[in-house]
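Enquirer: After the structure tokens below, expect a handful of questions from me.
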Amino acid sequence: MVRAGKPWFAWMIAALCAAIPAIAQAAPEDVEEDTEEAENPIVWIGGVSQAEFPFITVVADGGTDQAGGWQAAGATLRFVDGRSFFFSNAWSCQVFVWMPIRHAVHGVITQQKAAQVSAAAATTASTLVMQRRTDWIRASFCSDFATELETQLNTQMTGLGAKVSAR
């Protein structure tokens, strides 16, 4: 039963009920396909693009030791917790990732490879951290995300020595 004090709610229920038969009867040829979004590799719902991590050289690789050099990237990542039916919470975290340019085990880590690994690790970390609580506030999420991102980076490339911070 709909209360009289919430006319917008009654309107929403009526619109939903009116739309259900039309949706159920739609044939596949009635639905337009939008191929433009499917071809864009940067738009990826639920994932982080490697374009978010533009690595730069911080300490050049001298090339004399077994490993050397450092590279870093800063990214502002946007998160949306849409698990609630009526309410979604959105926030962003600034993360900074540091990793070696040349590693004793992994060899040379190009800026492109560093971005790929960071994006994959960020996607995994965001999924894992988001599922740890039913409700998040920005400050605690960003801190937990940075810790998990560092763990994922050093797990995906064993012994990498990558460092992550967030604010």
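Enquirer: Could you say whether any residue in region 112-125 is buried (at least 21 other Cβ atoms within 10 Å of the Cβ) and more than 16 Å from residue 72 (Cα to Cα)?
Expert: So far as region 112-125 goes, yes, one or more of its residues are buried (at least 21 other Cβ atoms within 10 Å of the Cβ) and more than 16 Å from residue 72 (Cα to Cα).
Enquirer: Within the group 139, 146, 125, which residue is within 17 Å of residue 89 (Cβ to Cβ), in a helix (DSSP H, G or I) and not hydroxyl-bearing (Ser, Thr, Tyr)?
Expert: 139
Enquirer: Which of the residues that make up region 126-141 are touching a strand residue (DSSP E or B) at 6+ places or on another chain (Cβ under 8 Å) and surrounded by 21 or more Cβ atoms within 10 Å (Cβ to Cβ)?
Expert: 126, 141
Enquirer: (1) farther than 29 Å from residue 68 by Cα; (2) part of a helix (DSSP H, G or I): which one isn't true of residue 134, the others all being true?
Expert: Failed condition: (2).
Enquirer: Please work out if residue 164 is of a type in the set (Val, Ile, Thr), out of contact with any Gly (no Cβ under 7 Å at 6 or more places or on another chain) and not in a helix (DSSP H, G or I). First the steps, then the outcome.
Expert: Details: of a type in the set (Val, Ile, Thr): yes; out of contact with any Gly (no Cβ under 7 Å at 6 or more places or on another chain): yes; not in a helix (DSSP H, G or I): yes.
So residue 164 fits the description; yes.
Each value in this text was obtained by applying a stated rule to the coordinates, not by laboratory testing. No experiment lies behind these values; they were computed from the predicted model shown. We place every Cβ from the backbone using ideal geometry, glycine too, and count neighbours over all the protein chains shown.
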